[in-house]
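The values are calculated or read from the model by the stated rules, or taken from the named source; none is laboratory data. Quantities reported herein were computed from a predicted structural model and do not represent experimental measurements. A quick note on method: Cβ atoms are made from the backbone with ideal geometry, for glycine too, and the neighbour counts reach across all protein chains shown. With ligands, DNA and RNA removed, areas are computed over all heavy atoms of the protein, side chains included. Shrake-Rupley method; radii C 1.70, N 1.55, O 1.52, S 1.80 Å.
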Amino acid sequence: MRAVSFTPETVPGPDAPLRAALRYGLIGLGVLVVASVVIATLLAGMPGLWGALLGAAIGGGFILTTVVSVLFGAKLPPQMAGMVMLVGWVAKLLVVLVVVGVLNQFDFYSRPALFFTVVGALLIVLGAETYGVVRHKVPYVTTRAGDSETASEQE
């Protein structure tokens, strides 16, 4: 494994992988919106357009709110961070259930376009976020037990 050196100006913060996940997730969602809108509109017309837009909003919003709540909770004490994650998960689940319940009463959108776009958003945004986290390098320092020096000072 190759050592990576950083200068103080280029050291990424502890939340850098999460910010990268959010960035890649938004890029993936943007690509999905364009592709699904074009395909659904060609196949189903205006109802396909609405189904694709609603599906991207529901699926992308569901996944991206997790990263946002983790970024927010990362600056809090562990107990509060856990509470933020739990409340965020329950809240977004309730919002999705209410939105789907309300949308069930209308027929201005294509249900297959909505379904396939939600599934695509879940897969693509989650994959893009995973890529952003895995791809990002975060430095860490190890010390000998009982020493106050860092590993870089010991060499």
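Can you tell me which residue among 44, 40 is farther than 20 Å from residue 90 by Cα, open to solvent by 30 Å² or more (accessible area, probe 1.4 Å) and touching a residue at least 40 places away in the same chain (Cβ under 8 Å)? Even if it seems obvious, please write down each step before you answer.
Working: 40 fails: open to solvent by 30 Å² or more (accessible area, probe 1.4 Å).
Going through 44, 40 in turn, the sole match is 44.
Just one of 97, 114, 126 is exposed (fewer than 13 other Cβ atoms within 10 Å of the Cβ) and either at pLDDT below 85 or of a type outside the set (Phe, Trp, Tyr) (or both); which is it? Talk me through it step by step, then tell me what you get.
Details: 114 fails: exposed (fewer than 13 other Cβ atoms within 10 Å of the Cβ); 126 fails: exposed (fewer than 13 other Cβ atoms within 10 Å of the Cβ).
None of the others qualify; the one that does is 97.
Among the residues of segment 39-56, is there at least one that is of a type in the set (Gly, Ala, Ser), in a helix (DSSP H, G or I) and over 12 Å from residue 114 (Cα atoms)?
Of all residues in segment 39-56, those of a type in the set (Gly, Ala, Ser) come to 40, 44-45, 48, 51-52, 55-56.
When the remaining residues are screened for being in a helix (DSSP H, G or I), the result is 40, 44, 48, 51-52, 55-56.
Add one more test, that the residue is over 12 Å from residue 114 (Cα atoms), and what stays is none.
No, that holds for no residue.
Can you give me the number of residues within segment 82-110 that are touching a residue at least 40 places away in the same chain (Cβ under 8 Å) and closer than 21 Å to residue 29 by Cβ?
Number satisfying all stated conditions: 5.
Take segment 48-93 and flag every residue that is basic (Lys, Arg) and either touching a Lys or Arg at 6+ places or on another chain (Cβ under 7 Å) or closer than 30 Å to residue 38 by Cβ (or both). Lay out the reasoning, then the answer.
We begin by selecting, within segment 48-93, every residue basic (Lys, Arg); these are 75, 92.
Across segment 48-93, the qualifying residue is only 92.
Mind listing whichever residues of segment 22-34 are without any contact (Cβ under 8 Å) to a residue 24 or more places away in the chain and either farther than 16 Å from residue 61 by Cβ or open to solvent by 100 Å² or more (accessible area, probe 1.4 Å) (or both)?
34
Filter segment 26-75 down to residues that are in contact with a helix residue (DSSP H, G or I) (Cβ under 7 Å, 6 or more places away or on another chain) and of a type in the set (Phe, Trp, Tyr), then give me how many there are.
Final tally of qualifying residues: 2.
Answer yes or no as to whether residue 84 is within 26 Å of residue 19 (Cβ to Cβ) and hydrophobic (A, V, I, L, M, F, W, C). Walk me through how you get there before you give the answer.
Working: within 26 Å of residue 19 (Cβ to Cβ): yes; hydrophobic (A, V, I, L, M, F, W, C): yes.
Taking the combined requirement at face value, the residue satisfies it.
Using the structure shown, decide if residue 92 is closer than 25 Å to residue 21 by Cβ and modelled with pLDDT under 85.
Working: closer than 25 Å to residue 21 by Cβ: yes; modelled with pLDDT under 85: no.
Against the criterion (closer than 25 Å to residue 21 by Cβ and modelled with pLDDT under 85), residue 92 does not qualify.
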